[in-house]
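Novice: First the structure, which I've put down as structure tokens, then a few questions once you've had a look.
All of the numbers you see were taken from the coordinates with simple rules; none came from a lab. As the structure is a computational prediction, the values presented were derived from the model and not from experiment. FYI the Cβ positions are ideal-geometry reconstructions off the backbone, even for glycines, and counts take in every protein chain you see.
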Amino acid sequence: MLVSTLGLYTLIAGIGYRQKKPWAVKSFVPALVALVGAVLAIALLVFAPTTQIRKERYGEPAGLVELALLLYQFTYAFFVLSFKDYQNVILIAMSIFSGYLFFPSRIKTDKPPKILLLAALVGLLAVFLVAVSFAPSAYVERGLPADRTIIIPRFIAVSGFVVAGWLTGLALRELFTARWLEAFAVLLLLACFSYPLGSLKETSEKIPVYAQRTREWDAREATIQDAIAKGQERVDVFSLHRRVSVCARREPADEPVA
């Protein structure tokens, strides 16, 4: 994702550099250096000995056609599920109403079609970056990435929803200028803001679960520390889901116990 983002910016800056745009003249070389550095970082990861060991577990990577198909499937499923999630729908609505009601006076919104086109481009960029964030897992494992890493495409999607929605609100303000619409937008925005209040109840219901997990982890840590103090080499402890056996060993005082 980082390489793709830097690559796109470097391409745009390169075009601007040829046209002698001041911003491009200042940023083209730094962007190019950052892009080369990111590519070298990936190369070091790919050819690292530990990566080569893991590579043997997965076998041959996906071919070009299979990779393109997997990326399409993963990205399509991701955005379908995103729009089925009412939280994202509310977020988009809040962004549109915020753009309609609040905008800096220095922004010129006299060309709504261009603003809507820019919103569409932001959306396409978000789709592209989500797709490339799935590329490593699709190429190597032929599967979706681990759940914990889905936060990356989610961050991209949410950012795209907010920016595209805000731009859409700016354009709609120029297309529809009736005063009653502004009051209606205020009411809808306030209704959207009521959602976080409802989510507090759902979150508070999880507190006992987290408290129980905290007590279990504290008991586990106390057992390990006690075994270390007694010089024991091994100790059985409880994890959240299963009983495991870990090796207890002394560590320097300034380092955490593993």
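Novice: Based on other C-beta atoms within 10 Å, arrange TRP166, TRP23 from fewest to most.
Specialist: Final ranking by Cβ density, sparse to dense: TRP23, TRP166.
Novice: How would you rank SER95, SER204, SER159, going from fewest to most other Cβ atoms within 10 Å of each one's own Cβ?
Specialist: Fewest to most other Cβ atoms nearby, the residues stand as SER204, SER159, SER95.
Novice: Sticking with this structure for a sec: Through the Karplus equation 6.51 cos²θ - 1.76 cosθ + 1.60, θ set to phi - 60°, convert the phi angles of region 208-218 into ³J(HN,Hα) values in whole Hz; use x for Gly and Pro.
Specialist: Each residue's phi maps through the Karplus curve to give x, 5, 5, 5, 5, 4, 5, 5, 5, 5, 5 Hz.
Novice: Also, I was wondering about something else. Once Rh is set to the Kirkwood radius over Cα pairs, what Stokes-Einstein translational diffusion coefficient, in µm²/s, holds for region 1-133 at a temperature of 4 °C and a viscosity of 1.567 mPa s?
Specialist: 69
Novice: Another question, if that's okay. Explain nothing, just compute: Karplus ³J(HN,Hα) = 6.51 cos²θ - 1.76 cosθ + 1.60, θ = phi - 60°, for every residue of region 158-173 in order, whole Hz, x for Gly and Pro.
Specialist: 4, 4, x, 4, 5, 5, 5, x, 5, 5, 4, x, 4, 5, 5, 5
Novice: Something else: About its Cα centre, what dipole magnitude does region 60-204 give when the only charges are +1 on Lys and Arg Cβ and -1 on Asp and Glu Cβ, stated in debye to the nearest 20? Before the final figure, lay out the partial values.
Specialist: Values: 11 positive and 9 negative charges, 107 e Å.
The dipole of region 60-204 has a size of about 520 debye.
Novice: OK, next. Report which label in (1) 65; (2) 53; (3) 71 holds the value of percent of Cα pairs over 23 Å apart derived from the coordinates of this structure.
Specialist: (3)
Novice: Pick from VAL162, VAL39, VAL132: which residue has the top mean-square fluctuation in a GNM of the chain where Cα pairs under 10 Å get a spring?
Specialist: Ranking VAL162, VAL39, VAL132 by mean-square fluctuation puts VAL39 first.
Novice: Which three extents, in angstrom, do the Cα atoms of region 66-190 have along their principal axes, listed largest first?
Specialist: Taking the Cα atoms of region 66-190, the three principal extents are 55, 28, 20 Å.
Novice: On to the next question. Once R0 is set to 41 Å, what does the formula 1/(1 + (r/R0)^6) return for the Cβ-Cβ distance between THR50 and GLU182, expressed as a FRET efficiency to the nearest 0.05?
Specialist: E(calc), rounded to 0.05, equals 0.10.
Novice: Residues with amide H under 5 Å of VAL235's amide H, sequence separation 5 or more or different chain, H placed in the peptide plane at 1.01 Å from N; which?
Specialist: VAL246, ALA248
Novice: How big is the gap, in Å, between the Cα center of region 41-78 and the Cα center of region 193-232?
Specialist: 36
Novice: About the Cα centre of the chain, what is the dipole size in debye to 20, counting +1 per Lys and Arg Cβ and -1 per Asp and Glu Cβ, all else neutral?
Specialist: Its charge dipole is roughly 740 debye.
Novice: Farthest toward the dipole's positive end in the chain, which of LEU11, TRP217, VAL65, given Cβ charges of +1 (Lys, Arg) and -1 (Asp, Glu) about the Cα centre?
Specialist: Value computed over the given set: LEU11.
Novice: Pairs to check: LYS20/LYS111; LYS26/LYS55; LYS84/LYS111; LYS206/LYS230; LYS55/LYS206. Give those whose C-alpha atoms are more than 29 Å from each other in this structure.
Specialist: LYS26/LYS55; LYS84/LYS111; LYS206/LYS230; LYS55/LYS206
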